[in-house]
């Protein structure tokens, strides 16, 4: 035996003093976790700070109210792009929310069969499709048959972007509703559809709203799917069958333009886009939180 | 309306579903026992040669018993003996589990509810259920109590409010919640939540209340309140309680059924079961020798 002789008795554990090594590990791990948490916040903080620094000066009333000036003139605003982005996201959500929530509900309630597996895989694959490819698909589906670029085509492309997030998150949220709620409803004589409508959906609603917001927020910032669907426009238009301006496309165009004034406006547009998404999310979350509190 | 039970399994229609495996049925000497010592009151619930399978697992084996109306019947037995499954047969909650097959009969007020023509929604209104863990909906107290009423299409505010108060009073909860009916039910204590669930169940005017270990998630004070409530409620309802707490069964039930490995070992007056059980297995179980 190479090991030293084993002592017959051990000193009592209480007498072994402070475990210095354990404390070091404890402190080290705590610090590491805090650093990791800070590292998560850092990118967003940097983005916000940078956008505010570069874009705040350009946020004049004119930026929100005026149309872009012709090339070569300074000034002007992006009223058409702000309205355009709002319209495109609304079209996308109008298409993707009913289908996405419906499909998510189907997956959670009946999704164990073959069709469920197919839908789930399709949604996952769709979520992995590069956004430029989504743009091409919307181009061939809408732009080619219509014969021109349009807000509708852009909305369809954004709808494709939102759909997978909404489907899979809705499924997760509905599955999280405790089985006991379902049993309680059924035991009171609720038909299945009433159970889903009266108990499951309200219980899952805050989560579903978050899912929709995640999908919409992502779509609001997409540029690639809009390049050959909504195209862009320098004029005021809310017509569904005409090309339409949007903030991401403006940022894309203005940021690489050789004019300082346009670059400055690109920064401001980016800041507006960020504020828009944040504002809408906050608004929806506040209202969603209030709904279940409703007194009888 | 007394249901006359045949002494043997009915020889009539073949088993509705399930394998044709014959279940050993020592029915002759048991038949008398399983009638609960000559029930005088009308029989509300009954099973006749009832078997239930989860896939290949034979969870309830050839159970025949009669349950009198306006009484409390306790089903006791060790974990996994099939007592909850048997309870859930009376409102067909087992339908929710995939791969469940049954044979034999389960009768509610004389009708075999395993018939495919049974209106399960109506059955579950008549045969209410209270679960092991209090499961109020994440809605207001009021919305919880009137949930079943709204399912029945009652929209009239005044009627809903009157029935809500009535149910809460019967569940001995009204005085505690009367001035906060619009608050979330999830803010109530566990014992209050369970009484709320009982009120919610009473609101739809059931004939039978099935309780699946209704007090096992509650502290002793709340348990005592629920037990008192059960004793009050039996004036109007037929109550079946599954419990693994033998003292509780002794305190609240009129009759006790002892289930082991899916088979009904003994069924009779609670006093008799606990003082002079006829079966050795029952005696071993209630004296704590196993289970």
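The values are calculated or read from the model by the stated rules, or taken from the named source; none is laboratory data. Keep in mind the model is a prediction, meaning the values are calculated, not measured. Neighbour counts run over all protein chains shown; Cβ positions are idealised from the backbone, glycine included.
Filtering the range B:103-127 to residues that are in a strand (DSSP E or B) and within 14 Å of chain A (Cβ to nearest Cβ) leaves B:108, B:127.
None of B:162, B:171, B:185 is surrounded by fewer than 15 Cβ atoms within 10 Å (Cβ to Cβ) and over 26 Å from residue B:46 (Cα atoms) except B:162.
When B:130, B:100 are checked against the criterion of being within 12 Å of chain A (Cβ to nearest Cβ), touching a strand residue (DSSP E or B) at 6+ places or on another chain (Cβ under 7 Å) and surrounded by 16 or more Cβ atoms within 10 Å (Cβ to Cβ), a single residue qualifies: B:130. Restricted to the range A:251-296, and to residues there that are within 30 Å of residue B:160 (Cα to Cα), out of contact with any helix residue (DSSP H, G or I) (no Cβ under 9 Å at 6 or more places or on another chain) and not in a loop (DSSP other than H, G, I, E, B), the residue that is modelled with the lowest pLDDT is A:293. Across the range A:100-125, the number of residues qualifying as surrounded by fewer than 17 Cβ atoms within 10 Å (Cβ to Cβ) and within 17 Å of the chain's Cα centre (by Cα) comes to 1.
Residue B:88 - would you say it is at negative phi and crowded, with 19+ Cβ neighbours inside 10 Å? Considered against the rule, which asks whether it is at negative phi and crowded, with 19+ Cβ neighbours inside 10 Å, residue B:88 comes out as yes. From the list B:236, B:289, B:278, the lone residue that is free of Cβ contacts under 8 Å to residues at least 24 places away in the same chain and assigned to a loop (DSSP other than H, G, I, E, B) is B:289. Within the range B:57-94, the set of residues being closer than 26 Å to residue B:290 by Cα, outside any strand (DSSP E or B) and out of contact with any strand residue (DSSP E or B) (no Cβ under 6 Å at 6 or more places or on another chain) comprises B:78, B:79, B:80, B:88. Taken over the range A:182-197, the criterion of being surrounded by 19 or more Cβ atoms within 10 Å (Cβ to Cβ) and within 9 Å of chain B (Cβ to nearest Cβ) is satisfied by A:182, A:184, A:185, A:186, A:187, A:188, A:189, A:190. Of all residues in the range A:143-180, those satisfying the criterion of being in contact with a helix residue (DSSP H, G or I) (Cβ under 8 Å, 6 or more places away or on another chain), in a helix (DSSP H, G or I) and surrounded by fewer than 19 Cβ atoms within 10 Å (Cβ to Cβ) are A:146, A:172, A:175.
Looking only at residues that are buried (at least 21 other Cβ atoms within 10 Å of the Cβ) and part of a loop (DSSP other than H, G, I, E, B) in the range B:133-159, which one is nearest to the other protein chains (Cβ to nearest Cβ)? Step by step, filter the range B:133-159, then rank; the result is B:135.
Taking the condition within 14 Å of another protein chain (Cβ to nearest Cβ), part of a helix (DSSP H, G or I) and closer than 30 Å to residue B:127 by Cβ, does residue A:203 pass? For residue A:203, the condition - within 14 Å of another protein chain (Cβ to nearest Cβ), part of a helix (DSSP H, G or I) and closer than 30 Å to residue B:127 by Cβ - is met.
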